[in-house]
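Worksheet for the structure shown next.
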Amino acid sequence: MRIILLGPPGSGKGTQAQLLVQRYGIVQLSTGEMLRAAVAAGTPVGLKAKEIMASGGLVPDDVVVGIISDRIDQPDARHGFILDGFPRTVPQAEALDELLKHKHMKLDAVIELRVNESALLSRVETRVAQMRERGEEVRVDDTPEVLTKRLASYRSQTEPLIHYYSERRKLSTIDGMMAIDEVTRAIHRQLLALGAVEPKSHGKSYARSAAKAAPAKTGAKKAKVAKKAAQKPAKTGKKAAKSAKSAEKAVKGAKKAAKKTAKKTVKKAVKKGSKKSPKKVTKKRAKR
Ligand code: AMP
């Protein structure tokens with residue numbers, strides 16, 4: 001699954017991207033994060049971007065397009081990604097279209113988080129306060145003055161993307177003023193409606209519930225379901241591998257329980273003097 005999160009600074013893109021990463025096991029590609037890392041490392045890109053970022057302007061298109069193009073090619077992005085903070089201009093969106101076409105990749109959806117501008121400043125203030133509380137370094141561009149400039153950049157250069165993606169029938173708008181988990185649910189519903197995710201295969205949470213359910217409902221069929229769930233998230237990181245393991249356990253449990261049930265049935269049948277041959281009963285039960 002490949003999606004773009006669109007919204008002004010403070011709209012909750014980063015928060016939602018992280019929650020989607022946990023839910024679907026895909027990676028978050030945040031150009032802001034990558035640029036901050038480049039600034040911290042003092043790379044040529046970082047040196048170019050440092051002043052622009054501190055003042056709330058936009059880093060040149062070719063720089064961010066280059067970063068994204070390289071990042072998409074990394075193995076962890078093979079199964080899907082969430083673009084957070086990219087594209088931010090129409091030329092970047094056009095470059096992304098070309099890039100994806102060239103890599104034979106399809107964009108599933110563009111999710112716009114719509115928020116009241118009046119709420120943005122207080123949201124960013126809350127974010128700063130929370131970062132300070134956690135002892136984290138506060139972003140140099142998270143000040144009221146720079147935020148005003150970032151908002152202006154969003155309005156003039158990024159907002160046209162709403163029209164760009166709406167014309168291409170890719171845009172879904174979600175009320176970003178709702179509580180965090182409600183926004184996440186709304187995004188999930190939208191992705192379901194678009195067919196970007198399958199109802200029963202949204203990653204680890206599904207694997208976990210399948211793992212729980214399988215041993216209780218004995219039988220090969222349930223084992224199959226658990227096995228399927230175990231195979232899916234196996235590709236998606238450490239935590240997913242853990243879920244896959246527990247699902248595998250469930251498969252074993254289900255098989256064991258199925259055998260036990262079959263044995264019991266045979267015993268019962270023999271006791272009752274049933275006409276059915278025990279062998280047949282075993283087969284029939286084990287099949288279920
Ligand atoms: P963000 O973390 O997304 O708020 O980005 C922080 C800053 O990084 C922005 O204010 C820009 O200066 C720069 N930046 C991030 N993404 C882009 C982009 N796609 N195009 C241009 N500049 C960007």
(message) Just to verify a result, which residue in region 97-110, among those that are in contact with a helix residue (DSSP H, G or I) (Cβ under 7 Å, 6 or more places away or on another chain) and within 15 Å of the ligand (Cβ to nearest atom), is least open to solvent (accessible area, probe 1.4 Å)?
(response) 110
(message) Any residue in region 53-73 that is open to solvent by 20 Å² or more (accessible area, probe 1.4 Å) and assigned to a helix (DSSP H, G or I) sitting within a Cβ distance under 7 Å of a residue that is within 8 Å of the ligand (Cβ to nearest atom) and of a type in the set (Asp, Glu)? List the pairs, counting only those 6 or more apart or interchain.
(response) 53/141; 54/141
(request) Hey, can you tell me all the residues within region 61-73 that are under 13 Å from residue 38 (Cβ atoms) and either more than 10 Å from the ligand (Cβ to nearest atom) or not aliphatic (A, V, I, L, M) (or both)? (result) 66, 70, 71
(message) So, in region 146-166, exactly how many residues are hydroxyl-bearing (Ser, Thr, Tyr) and over 26 Å from the mean Cα position of the chain (by Cα)?
(response) 3
(message) Would you confirm, using the coordinates I've provided, whether residue 39 is open to solvent by less than 50 Å² (accessible area, probe 1.4 Å), near the ligand (Cβ under 10 Å from one of its atoms), over 16 Å from residue 4 (Cα atoms) and at pLDDT 95 or above?
(response) yes
(message) Condition first: near the ligand (Cβ under 9 Å from one of its atoms), modelled with pLDDT of 95 or more, among the charged types (D, E, K, R) and open to solvent by 50 Å² or more (accessible area, probe 1.4 Å). Can you find one or more residues in region 85-92 that meet it?
(response) yes
(message) Criterion first (touching a helix residue (DSSP H, G or I) at 6+ places or on another chain (Cβ under 7 Å) and not aliphatic (A, V, I, L, M)) does residue 84 satisfy it?
(response) yes
(request) Might you check whether a residue that is part of a helix (DSSP H, G or I) and in contact (Cβ under 8 Å) with a residue 12 or more places away in the chain occurs anywhere in region 74-84? (result) yes
(message) Cβ-Cβ under 8 Å, sequence separation 6+ or interchain: first residue in region 137-160 and on the phi > 0 side of the Ramachandran plot, partner in a helix (DSSP H, G or I) and surrounded by fewer than 14 Cβ atoms within 10 Å (Cβ to Cβ). Which pairs?
(response) none
(message) Of all residues being hydroxyl-bearing (Ser, Thr, Tyr) and outside any strand (DSSP E or B) in region 1-36, which is farthest from the ligand (Cβ to nearest atom)? Just the residue, please.
(response) 24
(request) Please give the number of the condition residue 117 fails out of (1) under 24 Å from the mean Cα position of the chain (by Cα); (2) surrounded by fewer than 14 Cβ atoms within 10 Å (Cβ to Cβ). (result) (1)
(message) Could you list, ordered by first residue, the pairs with Cβ atoms under 7 Å in which the first is in region 1-18 and without any contact (Cβ under 8 Å) to a residue 24 or more places away in the chain and surrounded by fewer than 24 Cβ atoms within 10 Å (Cβ to Cβ) and the second is not aliphatic (A, V, I, L, M) and not in a helix (DSSP H, G or I), at least 6 apart or interchain?
(response) 18/28
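The values are calculated or read from the model by the stated rules, or taken from the named source; none is laboratory data. Note that the coordinates shown come from a computational prediction; the quantities given were computed from them, not determined experimentally. We place every Cβ from the backbone using ideal geometry, glycine too, and count neighbours over all the protein chains shown. Side chains are part of the model used for accessible areas, which takes the heavy atoms of the whole protein and leaves out ligands, DNA and RNA. Shrake-Rupley method; radii C 1.70, N 1.55, O 1.52, S 1.80 Å.
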